[in-house]
Amino acid sequence: MKAVVLITLVFVLVLVCCGLKIGDRTDNIIAERPELTEIVELQDNFSDGTLNPQLWQITREGDFKESTIDVYDANPTENADYRLRLRANTIGTKDDTVKFHGVRSVEKVNFSDEKEISFDLGWNNQSNGCYLTASLYLCPTATNGNPRNEKDWLKFEYAGVPPGRNARCVIATKSGGKVKYLYTEGWPEQKSGRHITNQRIKIILDNKSLKIIENGTEIYGTQSHGLEFTSAYLYLQMSSHSNYLAREIYFDNVVISPK
Ligand SMILES: [Ca+2]
């Protein structure tokens, strides 16, 4: 009888141990799952040296003397530093229009669930950045022209301020054709702007909230951005007024990933 009890006890003990092991393993699998589903939706560091047509479509509006959109090695030494280059020369062009060009993502970004969009923006030490802008638009409609003309968007932008060495940041939305400025660095009262160089920008957003981080510092946040769309094309843009010698800006390390 004692032997039967002993065997039963050992059997129960073995079952409990196996159960714990299976339990541990299940916990591990659950714990690992977020990493497995963390798919980077778009990533381009332009290191191929050419613009990938599967990722990007060129956009353009207005007349230019020169409009160059290419991938450029910004490092004069043998260590290549390929970036997306937007270069505009507007000497002798119509002075009643602003010229826009850049690229648009071929695929849409869905931010129903929180996404992080990060990129580097090189302002390229402009000696005269007047009427020059470098922007990112998130816009639910696709155009090969100018996203600014579309009815809905979110914009993050640097705009050159006179006399031209400084810039200021603008964050704005457009809903049903109506533009709302969320952040202007005190413009128009404050007109001095600030020195910018290579800016590392992170935009974290979902269907309600928006946070913008510039070089590691949060510069804007809201729990209610008011956008009426939850998926959008990503546009990287440059604009210039007429009669400016060639100016160029750079974008690099574009990454869109779940937060
Ligand atoms: Ca690069």
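Observations, loosely collected:
- Considered as a group, the residues in region 104-127 that are more than 19 Å from His195 (Cα to Cα) and of a type in the set (A, V, I, L, M) include one that is surrounded by the fewest Cβ atoms within 10 Å (Cβ to Cβ), and that residue is Val106.
- The numbered conditions (1) loosely packed, with under 13 Cβ neighbours inside 10 Å; (2) in contact (Cβ under 8 Å) with a residue 40 or more places away in the chain are all true for Gly177 except (2).
- Scanning region 63-88 for residues that are touching a residue at least 60 places away in the same chain (Cβ under 8 Å), more than 15 Å from the ligand (Cβ to nearest atom) and either under 16 Å from Thr50 (Cα atoms) or surrounded by 19 or more Cβ atoms within 10 Å (Cβ to Cβ) (or both) returns Thr68, Arg87, Ala88.
Conditions (1) among the small types (Gly, Ala, Ser); (2) within 22 Å of the chain's Cα centre (by Cα), marked per residue:
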| residue | (1), (2) |
| --- | --- |
| Arg83 | no, yes |
| Leu86 | no, yes |
| Asp95 | no, no |
| Ser112 | yes, yes |
| Lys115 | no, yes |
| Asp120 | no, yes |
| Asn124 | no, yes |
| Ser127 | yes, no |
| Ala134 | yes, yes |
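- In the set (1) closer than 30 Å to Asn243 by Cβ; (2) free of Cβ contacts under 8 Å to residues at least 24 places away in the same chain, Asn215 fails one condition alone, (1).
- Residue list for region 38-50, filter: touching a residue at least 40 places away in the same chain (Cβ under 8 Å) and within 12 Å of the ligand (Cβ to nearest atom): Gln43, Asp44, Asn45, Phe46
- Applying the criterion of being more than 27 Å from Gly62 (Cα to Cα) and in contact (Cβ under 8 Å) with a residue 60 or more places away in the chain to the residues of region 218-241, the residue that is surrounded by the fewest Cβ atoms within 10 Å (Cβ to Cβ) is Glu228.
- Hey, Phe251 aromatic (Phe, Trp, Tyr), within 14 Å of Tyr137 (Cβ to Cβ) and within 16 Å of the ligand (Cβ to nearest atom) or not: yes
- Residue list for region 228-259, filter: touching an Asp or Glu at 6+ places or on another chain (Cβ under 7 Å) and closer than 21 Å to Tyr181 by Cα: Glu228, Phe229
- Among the conditions (1) among the β-branched types (Val, Ile, Thr); (2) free of Cβ contacts under 8 Å to residues at least 40 places away in the same chain; (3) within 15 Å of the ligand (Cβ to nearest atom); (4) assigned to a strand (DSSP E or B), the only one that Val103 does not satisfy is (2).
- Complete set of residues in region 182-199 that are among the β-branched types (Val, Ile, Thr) and within 21 Å of Asn124 (Cα to Cα): Ile196, Thr197
Read the figures in this text as sums done on the coordinates, not as results from a lab. Everything numeric in this text was worked out from a predicted model, so none of it was measured. In this analysis, Cβ positions are derived from the backbone assuming ideal geometry, glycine residues included, and neighbour counts consider all displayed protein chains.
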